[in-house]
Structures are given as structure tokens and as C-alpha cells.
Amino acid sequence: TVRRETRNGELGLLAAAMFLVSLPFADWLPFARVDTLAVLFSAAAYWSVGHERRSVVLAALFVAAGSLAKPTAALSALPIFVHLLANRRNRDGWCFAALVVALGAATWGLVQWSSGGYFLTAVLRGNCNPMSLWKGYATSYEFLPTPLSTGALLTATWLILSSPRRFFQSLYSLGFVVISCVSAVLCAKRGAEINYFLEPALLASLAICIDGLPRLLELNPRRAMAGLAILATFIAIPSIRDTKAVYGSLPARPTWFAMVRDCLADEPGDVELLSDAKIIDMVLEAGHRPAINDPYLYTMMVGNGTLESGPLLERMRDGRIKWLFFHRTLPYHLGTIERDTHSWPPEVIEALPRYYDPVADEQGLYIYRHRKYGKQNARRVGPASLRSPPNG
């Protein structure tokens, strides 16, 4: 996109680098959630907007597809719609809006019908969470003071002051301002995190490299390129540190897989267990399914009254939930209740210490077993010693 708009490949590489090392992307990419796929469709929608009528048709297709990955991706249509109207492309703008509505209704209607009325209902109920002004303020200010956001805000401000018409003609600066405002509202919802600023980060990198930096290159290309190289190095330093930390944690992962697999080797296929989100893939690899396949979503739906925690508490109480595979200790989970950062319902977390004893921990993997099956002192062990005793 940057190369198409500026005819400068270096600026295109810089825009990609700025987005890849941005706070929202660096913090959220390791979770490999649907947000990354949704922002890919949003990026495709922005890229496809051109001067021809068929370009808005393609953009509408991408927006509708992105909404299936993450429903809030449908809001990417808002800056595109405003941009088209601001450029006096009224017919294209209303055509685009009608297509987004029609395609969204058709795809979500099909999904709702094929799921027996489950998915759309779950999406609507799952997003009806309490909102807090201060939470939105705090989450927004994790992103807004970053160098990337500051640069995009300065670029947008300069465009507005120098030529308001050019600001509205720029899909990327206009889109950054509009989507940042939308994200600031959405992140006030309980359960929202910095991932709501993935799309603003994408548009910020595009706005800087399309609307801002080309003007600097016009002043003195050689000095400007040297400055860009220094800027890229400065921005990349935190990511280099994070990359080192990630690689440092990799040796523990095969050990975790082996421990979970060996721990469950003698268990029947229908043994019930709970797992933190980061351990679920290890449980699945061992051939078992956790009772809750998305603890965070489950917590949100219990919190807004869509689901009840009673059935799960009953299964914990009578020992049908035999194992816990957690990334954090039970005392840590208890502390998250007071900090309001818990990834399990508070009543579930408070009940865990009453029924479960630690079995083992190894570099961030904490395994607990229901005391109904016998108490065992916690220890740092290898996989081979995790087998349940014959009478367990």
C-alpha cells in the first residue's frame, strides 16, 4: 500500500516494521487469537479502496469476511464510508454501506442458521459486558503515548491545520483518527485489552509513511533516510529484547508438552480437567479436551449472565474435574480477583484451593489434582515421575 501511494519501497518496509513492533501487535501476536486474522481482513479492505466502483465492492467483501473472524472488524467500514463521502463519492459510499450490510446479514444469517441459532446469539450476549470509563481511559493511554501513535497524531494534526481537505482525502490519517476513537470506546468494556488498538496501529504506520514522511524526504532525501534508519533502530530495540525473552522460554515448552502428556497417559479419554488458555494446546496434544475450551470467554459470559458457573462448581466439588493444568499458581489466580484481571470467574478461583492440591511445577507449568484422589506434595519434577499411583 505504501509503495503504491508513495512509489518508495523503503517507506513501505518502514511502515511494515513499525506495525510489527508496535505495542498492540507485539503484545497480542503470541496469543494467536482471531484478532490477527481480523486485522488482516481490515488491512485488505483499506488496500482495496481505489477510484473505481469495483474497488468498494472488494472492500465490502473484506469487511464482511473480517466480521466473521471478529465482529468488531465490521467497524472498519466506518472510516472507509466517511472517506468516500468526504471525497464526494456519495454513490460509491452508499453502495459500499449497502454492500457491507447485505453481505454481513447474509454471512451471519447463514452462520446463525447452520449453528442452530447459536453463534450470533453468543456473539451478542458475549459482548454485553459492563463498561468503565476509567478502564477505557487507562487502556487507551497504553497505546496513545507510544511513538507510533504520537507520530500518527502529529501527522493528522499537521494535515488538518495545513489542509483539511487533504486530511479527509487521506484514508489512512482519517481512518487512524476515526478508528482510534472507536477503539477508545470499545476498550472501556470489561474484558477488552490492548488488542482493540491493533487496527489503529496499522493505520498509524500507514499514515506516517504515506502522509508524513514523504514531506520530510522532499526537504533533504539523504538526511531524511539517515533519520529513518535511526528511527527504525530505535523502534526495534524493545522488540529485540522481547524476542530474546521469547527464545529464552522456548526450551521449556517441549518439557511442558511431555509433562502433560505423561501425566494424562493412564487416564481414560473422558477424564475431566481445566486448563489455562496457554496450556490448552498441550492438553489437546495429549489427546484430551478441557471442560472449558476458552476460560476468558467463559468468564465474560458468566459475568454478563449468559452462563452460570454452578454446573462447573458442582463438578469441581465432587471430583469429576480431576486435574488442573495452569500457567500460573493458584495464589496468583486469587490475586487477580482483586486486580480485576482474572481469567476465570471469581467464584471458581476461590473454590479451587478447597479441592485441589499441587502435584508438580516446572518452569511455569503448574499441575494440580483433586484431593479426592490422594494428596501428593508439590515438587519440581520431570515427566516420568508424574504418573498417578495405581489406586489414583
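The values are calculated or read from the model by the stated rules, or taken from the named source; none is laboratory data. Values in this document were obtained by computation on a predicted structure and should not be read as measured data. Because the Cβ atoms are built from the backbone with ideal geometry, glycine has one as well, and the counts that use them run over all protein chains shown. Side chains are part of the model used for accessible areas, which takes the heavy atoms of the whole protein and leaves out ligands, DNA and RNA. Shrake-Rupley method; radii C 1.70, N 1.55, O 1.52, S 1.80 Å.
See the values below:
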| item | result |
| --- | --- |
| Relative packing of 270-282, 160-172, which averages over residues the other C-beta atoms within 10 Å, highest first | 270-282, 160-172 |
| Stokes-Einstein D for the stretch 161-236, Kirkwood Rh over Cα pairs, 37 °C, 0.692 mPa s (µm²/s) | 232 |
| Dipole in debye (nearest 20) - the stretch 95-196, about Cα centre, beta carbon charges: Lys, Arg +1; Asp, Glu -1 | 140 |
| Size of the chain as Cα extents on the principal axes (Å, biggest first) | 77, 50, 35 |
| Cα-centred dipole magnitude for the stretch 41-154, charges only on beta-carbon of K, R (+1) and D, E (-1), debye, nearest 20 | 200 |
| Around Arg53: net Lys/Arg minus Asp/Glu count, Cβ-Cβ under 14 Å | +1 |
| Largest-first principal axis extents, alpha carbons of the stretch 135-176, Å | 34, 16, 14 |
| Rg over Rh, two decimals, the stretch 305-370 (C-alpha only, Kirkwood Rh) | 0.96 |
| Antiparallel DSSP beta bridges within the chain, as percent of all bridges there, nearest 5 | 70 |
| Local electrostatic count at Asp340 - Lys and Arg +1, Asp and Glu -1, tallied over other residues with Cβ under 12 Å | +2 |
| Accessible surface, the chain, averaged per residue in Å² (probe 1.4 Å) | 52 |
| 4 °C / 1.567 mPa s Stokes-Einstein diffusion coefficient of the stretch 9-96, Kirkwood radius on C-alpha pairs, µm²/s | 93 |
| Gyration tensor verdict on the stretch 26-149 (Cα atoms; rounded if a/c is under 1.5, prolate if a/b is larger than b/c, oblate otherwise) | oblate |
| Cβ-defined net charge surrounding Ile292, 15 Å radius [Lys, Arg +1; Asp, Glu -1] | -2 |
| Between helix 147-162 and the chain: long-axis angle, C-alpha atoms, 0 to 90°, nearest 10 | 30 |
| Charge-dipole axis of the chain as Lys and Arg at +1 and Asp and Glu at -1 on Cβ define it, positive-most pick from Thr341, Asn129, Ser42 | Ser42 |
| Percent carbon-and-sulfur accessible area, the chain, ignoring ligands, DNA and RNA, probe 1.4 Å | 63 |
| Theoretical ellipticity at 222 nm over the chain - DSSP helices of four or more residues, -39500 (n - 2.57) apiece, nearest 500 | -19500 deg cm²/dmol |
| Difference of contour (0.36 nm per residue) and Cα-Cα distance, Asn293 to Ala229 | 18.6 nm |
| Positive-end extreme of charge dipole, the chain - chosen from Ser115, Phe325, Gln169 (charges on Cβ) | Gln169 |
| Estimated FRET transfer efficiency when R0 is 25 angstrom, pair Ala16-Val123 (beta carbons, to 0.05) | 0.20 |
